[in-house]
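Chemist: Below you will find the structure I want to go over with you.
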Amino acid sequence: MRAVCGDIVNLRLDGTQGVIKSLEPRSSLLYRSDAFKTKAIAANVTQVAVVAAARPSFSMELVQRCILAAEDQGMASLVILNKADLPETPAALERLGLLTRIGYPLVTVSALTDVAPLRPALQGHTTLLIGQSGMGKSTLINALFPGVDAVTAEYSVALDSGRHTTTHTRLHRLDAESSVIDSPGLQEFALQHLDGNALASAFVEFRPFLGQCRFRDCKHETEPGCRLQEAVVAGDIDRARLQLFQALRRLQHNAAQRL
Ligand SMILES: Nc1nc2c(ncn2[C@@H]2O[C@H](COP(=O)(O)OP(=O)(O)OP(=O)(O)O)[C@@H](O)[C@H]2O)c(=O)[nH]1
Ligand SMILES: [Mg+2]
Ligand SMILES: [Zn+2]
């Protein structure tokens with residue numbers, strides 16, 4: 001087994017070098033995948049913090065995909081809306097309402113002015129900062145860890161995108177119980193490693209309704225007696241969330257047919 005960031009390893013000292021002898025059992029392993037490969041991002045993470053900001057613009061779908069992967073691994077999720085100093089922040093907050101209405105915690109901060117509001121959320125957790133390039137993950141690390149000088153770069157206004165500055169996943173220890181992991185910006189986050197049932201349960205607000213549809217193999221599309229569709233009509237599930245589920249399920253289905 002290959003060690004990934006966050007692993008606890010047993011080392012043998014070989015001269016001046018440490019050689020990894022073995023890995024301790026992992027409490028969690030966060031994956032991302034596409035139709036062709038599955039890649040481990042970090043081990044022993046207890047909380048995934050998806051970092052978003054008003055500029056450059058962020059994808060709600062990507063934020064949700066990260067949270068779905070975290071839910072699948074039983075990890076807590078948190079949304080960080082960084083760059084609170086930007087005037088477009090209220091509009092970004094409104095978009096993220098889709099997630100706060102479900103109950104996901106959201107912390108609004110500015111890495112450049114004050115990260116204090118973030119500290120309580122990090123206590124006792126191994127938190128993975130994840131998100132698109134340019135959202136300010138490494139700037140948050142620099143604000144939290146004064147000794148660390150993580151490389152940051154201005155995003156491209158012309159491309160409305162970050163510059164993929166961070167290239168390695170790296171853990172920083174806050175105190176004995178808490179650490180924070182910086183990771184490279186994501187362009188995509190596929191969920192091909194989740195099957196249909198795992199995908200549905202990764203939508204936390206679907207859970208009370210699962211297994212109650214009229215048809216056991218309900219695809220939650222247009223079938224009669226679908227409890228999820230009923231929950232949308234009753235206002236218990238946001239329509240945008242069911243639509244995301246349907247889109248992701250179709251992607252999985254197409255990929256499975258291709259392989
Ligand atoms: N206005 C404002 N700009 C910020 C804030 N935090 C970060 N930035 C800027 O956003 C740009 C991108 O920040 P990075 O920390 O490099 O972003 P990143 O998420 O680590 O990007 P990758 O490593 O490419 O994934 C830099 O120019 C930062 O100075 C903030 O709170 N307010
Ligand atoms: Mg970075
Ligand atoms: Zn159904």
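Chemist: Could you say whether any residue in the range 84-103 is under 30 Å from Asp7 (Cβ atoms), out of contact with any Gly (no Cβ under 6 Å at 6 or more places or on another chain) and more than 16 Å from ligand 2 (Cβ to nearest atom)?
Modeler: Within the range 84-103, the first condition is being under 30 Å from Asp7 (Cβ atoms), and the residues that meet it are 99.
Narrowing the set further to residues that are out of contact with any Gly (no Cβ under 6 Å at 6 or more places or on another chain) leaves 99.
Keeping just the survivors that are more than 16 Å from ligand 2 (Cβ to nearest atom) gives 99.
Yes, there is a match, as at least one residue in the range 84-103 is under 30 Å from Asp7 (Cβ atoms), out of contact with any Gly (no Cβ under 6 Å at 6 or more places or on another chain) and more than 16 Å from ligand 2 (Cβ to nearest atom).
Chemist: Let me ask another. Output the residue which, of all residues in the range 61-100 that are buried (at least 16 other Cβ atoms within 10 Å of the Cβ) and of a type in the set (Ser, Thr, Tyr), is nearest to Arg241 (Cα to Cα).
Modeler: In this case the residue turns out to be Ser77.
Chemist: A further question follows. Need the failing condition index for Phe58 against (1) in contact (Cβ under 8 Å) with a residue 60 or more places away in the chain; (2) loosely packed, with under 15 Cβ neighbours inside 10 Å, just the number.
Modeler: Only one criterion in (1) in contact (Cβ under 8 Å) with a residue 60 or more places away in the chain; (2) loosely packed, with under 15 Cβ neighbours inside 10 Å is unmet by Phe58, namely (2).
Chemist: Separate question: I need every pair where a residue in the range 115-139 that is within 9 Å of ligand 2 (Cβ to nearest atom) has its Cβ under 8 Å from the Cβ of a residue that is aromatic (Phe, Trp, Tyr), sequence separation at least 6 or different chains.
Modeler: Ser133/Tyr155; Gly134/Tyr155; Met135/Phe58
Chemist: Oh, and also: For the range 200-215, indicate whether the set of residues that are near ligand 1 (Cβ under 9 Å from one of its atoms), among the aromatic types (Phe, Trp, Tyr) and farther than 16 Å from Cys66 by Cα is non-empty. Let's see the steps before the verdict.
Modeler: Of the residues in the range 200-215, the ones near ligand 1 (Cβ under 9 Å from one of its atoms) are none.
No: the range 200-215 contains no residue that is near ligand 1 (Cβ under 9 Å from one of its atoms), among the aromatic types (Phe, Trp, Tyr) and farther than 16 Å from Cys66 by Cα.
Chemist: Whether any residue in the range 99-112 is in contact (Cβ under 8 Å) with a residue 40 or more places away in the chain and in contact with a Leu (Cβ under 8 Å, 6 or more places away or on another chain) is what I want to check. Let's see the steps before the verdict.
Modeler: The first filter runs over the range 99-112 and keeps only residues in contact (Cβ under 8 Å) with a residue 40 or more places away in the chain, leaving 101-103.
From what's left, in contact with a Leu (Cβ under 8 Å, 6 or more places away or on another chain): none.
No; the residues of the range 99-112 include none that is in contact (Cβ under 8 Å) with a residue 40 or more places away in the chain and in contact with a Leu (Cβ under 8 Å, 6 or more places away or on another chain).
Chemist: Let me ask something else. Can you tell me which residue within the range 162-191, out of those that are in contact with an Asp or Glu (Cβ under 9 Å, 6 or more places away or on another chain) and among the polar types (S, T, N, Q), is farthest from ligand 1 (Cβ to nearest atom)?
Modeler: Ranking the qualifying residues of the range 162-191, first place goes to Thr169.
Chemist: Counting only residues that are of a type outside the set (Gly, Ala, Ser), surrounded by fewer than 18 Cβ atoms within 10 Å (Cβ to Cβ) and within 22 Å of Val63 (Cα to Cα), how many does the range 201-231 have?
Modeler: Looking only at the range 201-231, we keep the residues that are of a type outside the set (Gly, Ala, Ser), and these are 203-210, 212-224, 226-230.
After this cut, where a residue has to be surrounded by fewer than 18 Cβ atoms within 10 Å (Cβ to Cβ) as well, the list is 204-205, 207-208, 210, 212, 214-217, 219, 221-224, 230.
Add one more test, that the residue is within 22 Å of Val63 (Cα to Cα), and what stays is 204-205, 207.
Adding up the residues that qualify gives 3.
Chemist: Okay, moving on. Filter the range 97-114 for residues that are outside any helix (DSSP H, G or I), in contact with a Ser or Thr (Cβ under 9 Å, 6 or more places away or on another chain) and aliphatic (A, V, I, L, M) and give the result.
Modeler: Leu106, Ala111, Leu112
Chemist: Further question: Search the range 172-223 for residues being polar (S, T, N, Q) and part of a loop (DSSP other than H, G, I, E, B), and hand back the single one that is nearest to Arg101 (Cα to Cα). Break it down stepwise before answering.
Modeler: Applying the first criterion (polar (S, T, N, Q)) to the range 172-223 yields 178-179, 183, 187, 192, 197, 201, 212, 222.
From the residues that got through so far, the ones that are part of a loop (DSSP other than H, G, I, E, B) too are 183, 187, 192, 212, 222.
Numbers: Ser183: 27, Gln187: 26, Gln192: 26, Gln212: 23, Thr222: 25 Å.
Across the range 172-223, the extreme among qualifying residues is Gln212.
Chemist: Could you list all residues from the range 162-213 that are free of Cβ contacts under 8 Å to residues at least 40 places away in the same chain and within 16 Å of ligand 3 (Cβ to nearest atom)?
Modeler: Those that are free of Cβ contacts under 8 Å to residues at least 40 places away in the same chain and within 16 Å of ligand 3 (Cβ to nearest atom): Asn197, Phe206, Arg207, Pro208, Phe209, Leu210, Gly211, Gln212, Cys213.
Chemist: Same structure again: Applying the selection to the range 27-68, what residues are at pLDDT 95 or above, among the basic types (Lys, Arg) and either outside the structural domain of Lys137 (by TED's automatic domain parsing) or part of a loop (DSSP other than H, G, I, E, B) (or both)?
Modeler: The one that is at pLDDT 95 or above, among the basic types (Lys, Arg) and either outside the structural domain of Lys137 (by TED's automatic domain parsing) or part of a loop (DSSP other than H, G, I, E, B) (or both): Arg55.
The values are calculated or read from the model by the stated rules, or taken from the named source; none is laboratory data. Only a predicted model underlies this, so the values are computations on that prediction, with no experimental measurement involved. Backbone-built Cβ (ideal geometry, glycine too); neighbour counts: all protein chains shown.
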